[in-house]
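Take a look at the structure below.
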């Protein structure tokens, strides 16, 4: 890691949330203004920054909200931004359409009321449901999202532990977990097909002092959370029913930790510190095959920020690879050569090729050229699926607020070939 030129960049006061568009080009930072502690209703802001190829942030626009803005989430398709706004002791959810430039326009949908003036928002990976953690009322609100961004409540708010903050949804869309800062535990829920939440088996789970911002691994099988007042990181295995089991060695020592983030391939965990009156630092852990954490030994990076708080640590979305396929050789032969050398990755490199030769044979290689001999003549549908150096391929991975891997159909290419033609 190394600092981006010009960092840290100015933002609004009391920023407790941000989100990034799937293309990695626009970052939204929300501000609660200067009077958050008094729950005064003063205008908040949503500041849009363009992210340069060099990582430099350039402010492009600022949108004023009717009250302090607390949480933010961009939909998986990058077309809308939802934010939570304080109205005093209660709050509301507002929505904006996102232009290709990153500019925001209110959708026109009516605000949805929530019972807490301090709240965070997450969206399901299928973009059909939205959830809000209500910090002041110890509850979680659930909504169905209409095509016009309108929100309809799904039942009454569900009880959590004390002071829930920064919920997270598993990328497979099956589970929601939130850290309860006041009770030192995690509340887990199973997400139904209708968006309704039911408590996960064994919930709540004791974690540590002030659990802050749980995160799921891209495969939804592990969960990590910073225990901000406990100087530790807890790690869990997620069972098929949503039940949590501690990972070997958990909890892991991490002084002053406030937030954790996983790399797209889940091989590195980054830990941000957030103690008052101390400049925040980013350290790193290697994730072992069993999910345990081992310090990498690399020097911690000083961010120049004090008292890191809220949902304010993200990696820019990994842009998925694009596959290209060409068949070489004589169509009269039973042996054909295929190349995927034209495949590309906008922010890295392609490292794995999975070939399906259309005759029931599949093969995985680390090089883009392969030869295959068919047993019989005929037409075949051949395909190659590519994976980049951060583990991104055909699947889009979304954590509830921001896309982590912008995978998609472009990672697979097909071609019709004829072999053994007379």
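The values are calculated or read from the model by the stated rules, or taken from the named source; none is laboratory data. All values derive from a computational prediction rather than experimental measurement. Backbone-built Cβ (ideal geometry, glycine too); neighbour counts: all protein chains shown.
Could you check the range 267-279 and list, in sequence order, the residues that are surrounded by fewer than 21 Cβ atoms within 10 Å (Cβ to Cβ) and either in a loop (DSSP other than H, G, I, E, B) or more than 21 Å from the chain's Cα centre (by Cα) (or both)? Scanning the range 267-279 gives 267, 275, 276, 277, 278, 279. Can you find a residue that is under 15 Å from the mean Cα position of the chain (by Cα) and in contact (Cβ under 8 Å) with a residue 12 or more places away in the chain anywhere in the range 99-119? No, the range 99-119 contains no residue that is under 15 Å from the mean Cα position of the chain (by Cα) and in contact (Cβ under 8 Å) with a residue 12 or more places away in the chain. Comparison of 12, 33 shows that the only residue that is within 23 Å of residue 166 (Cα to Cα), free of Cβ contacts under 8 Å to residues at least 60 places away in the same chain and not assigned by TED's automatic domain parsing to the domain that holds residue 140 is 12. Restricting attention to the range 368-422, the residues that are in contact (Cβ under 8 Å) with a residue 40 or more places away in the chain, within 16 Å of residue 331 (Cα to Cα) and within 38 Å of the chain's Cα centre (by Cα) total 2. Quick one: would you say residue 11 is in contact with a strand residue (DSSP E or B) (Cβ under 7 Å, 6 or more places away or on another chain), in a loop (DSSP other than H, G, I, E, B) and surrounded by fewer than 22 Cβ atoms within 10 Å (Cβ to Cβ)? Against the criterion (in contact with a strand residue (DSSP E or B) (Cβ under 7 Å, 6 or more places away or on another chain), in a loop (DSSP other than H, G, I, E, B) and surrounded by fewer than 22 Cβ atoms within 10 Å (Cβ to Cβ)), residue 11 qualifies.
For the range 225-243, the tally of residues that are assigned to a strand (DSSP E or B) and in contact (Cβ under 8 Å) with a residue 60 or more places away in the chain stands at 2.
Restricting 360, 348, 304, 310 to those that are out of contact with any helix residue (DSSP H, G or I) (no Cβ under 6 Å at 6 or more places or on another chain) and free of Cβ contacts under 8 Å to residues at least 12 places away in the same chain reduces the list to 360. In the set 104, 176, 151, only one residue is buried (at least 24 other Cβ atoms within 10 Å of the Cβ), more than 24 Å from residue 220 (Cα to Cα) and in contact with a strand residue (DSSP E or B) (Cβ under 7 Å, 6 or more places away or on another chain); that residue is 151.
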